[in-house]
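Engineer: Okay, here's the structure, questions in a sec.
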Amino acid sequence: MANNFNRQFAERVKELRASDVRELLKLLQVPGMISFAGGFPNPETFPVDLIRQIVDDVLTKDGPNALQYGITEGYAPLREAIADRMGKKGVDTPKDNVLVVTGSQQVIDLVGKVFIDPKDVVVVSSPTYLAALTGFSVYQAGYESVPIDKEGIRMDLLEDRMKKMGKRGRPPKLLYAVPNFLNPAGVTMPEKNRKKLVDLASDYDFLILEDDPYGDLRYIGIHIRPVKAFDDEGRVIYMSTFSKILSPGLRVGWVVADAEILRRMVIAKQSSDVCTSVLSQRIAHEYLARGLVDPQIEKIKKIYGRKLNVMLKGMDEFMPSGLNWIKPEGGMFLWVTLPENVDSGDLLTRALKKKVAFVQGKAFFADPKDGRNTMRLNFTHPSDELITEGLRRLGSAVNQEIISKWDKSAEAEEKQMADAVKGSLIGKS
Ligand SMILES: Cc1ncc(COP(=O)(O)O)c(C=O)c1O
């Protein structure tokens, strides 16, 4: 007998919806499909031979320890090397305030576990990283969404929202932000806004979760210090990852936080996975210790910077007027706004028939009614040739979708006129 296990499922998972992106990824197996949908690094950048060499060296020198459980906080030399790297980015931290995690996605879960009670409000940008929304939703968070402009979350609106939330008796505990090259919109928060954000956190007593997976992937302009660099009250929890600068398959990320916050996160992590894969940590450590990570970042930046240019050229060439997109200075995504009356869901159906895929922008909004005419395009995974061909197909799908909307509105207008004429004739007769 079929069973939906409704009696057994916890209340908190009953409301969870499968991510549109995960569902879409299943469709991408169709042969010949060109995908701008995923958020995958390009495998061309993975240093397979170097990792093989490192694994061989680690297992030869210290095999039994590399294959053993480790302490929850992480492999001490890796924590040290990460602390050192953070210093170079403008964040001075002792190694004891660094926790190694199983992909930075784990930080979202740990922050949820440690801070979020049902209905607690998390402030997010609108749009924001989809898996942060799903991650906090597991803990039954509520959201306060603040729109973005080219400088990320709109600071002019934020303070007002904080005041309103306080008045409603639900001041937020946490603000989640991706200040560098926001996934999905590619925008970057300038330094003055980062400082202001820390001031607001202090004035309105909330914490900031600063998610920075893309900070090293800057193709244009100069590095901006993390929000954490301006934090002298321990309110900023900073997270980053080796996924985009080495390999996502290793599942190694890190968090830098105040000692008390970190202590609670360590306890929460113990019950999640005991520790992050020691072998993966050892690989990441050797990578840093041998000075290989910076040349690797340079290599990735060269490839992705070139792909971004191919993408922008293709957008200019193939997209009709009426579309807007934000030119990112780094990261992996291009965010496109379609004309108001074009629904990116209808466009996706049309695009898939032409064997090209993207992610509907609405997936990245806490309120699924928002962002209907937006889409996210990944430019790091397809080859240069496929980017151009994919945009040619997508441009044609967009054109057809816009024309079909005109036809429909012209049809509706004609019908309206005919009805009006009919009405006036009836009135006369
Ligand atoms: C904004 C953002 N945060 C966190 C992650 C998680 O990365 P990982 O768990 O591989 O470190 C990603 C991955 O795409 C991301 O885009």
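Bear in mind these aren't lab numbers, they're just calculated from the coordinates by the rules spelled out. Because the structure is a prediction, the values reported are computed rather than measured. Because the Cβ atoms are built from the backbone with ideal geometry, glycine has one as well, and the counts that use them run over all protein chains shown.
Engineer: Round to the nearest 0.05 the FRET efficiency obtained for LYS192 and ARG263 when R0 = 45 Å and r is the Cβ-Cβ distance.
Structural biologist: Result of the calculation: an efficiency of 0.85.
Engineer: Further question: Contour minus end-to-end for ASN341 and ILE303, with contour as 0.36 nm per residue of separation and end-to-end as the Cα-Cα distance?
Structural biologist: So the extension gain works out to 10.1 nm.
Engineer: Determine the alpha carbon to alpha carbon distance for each of LYS228/LYS302; LYS195/LYS301; LYS89/LYS192; LYS150/LYS228; LYS167/LYS362 and list only those over 23 Å.
Structural biologist: Pairs exceeding the cut-off: LYS228/LYS302; LYS195/LYS301; LYS167/LYS362.
Engineer: Which three lengths, in whole Å and largest first, does the chain cover when its Cα atoms are put on their principal axes?
Structural biologist: 96, 60, 54
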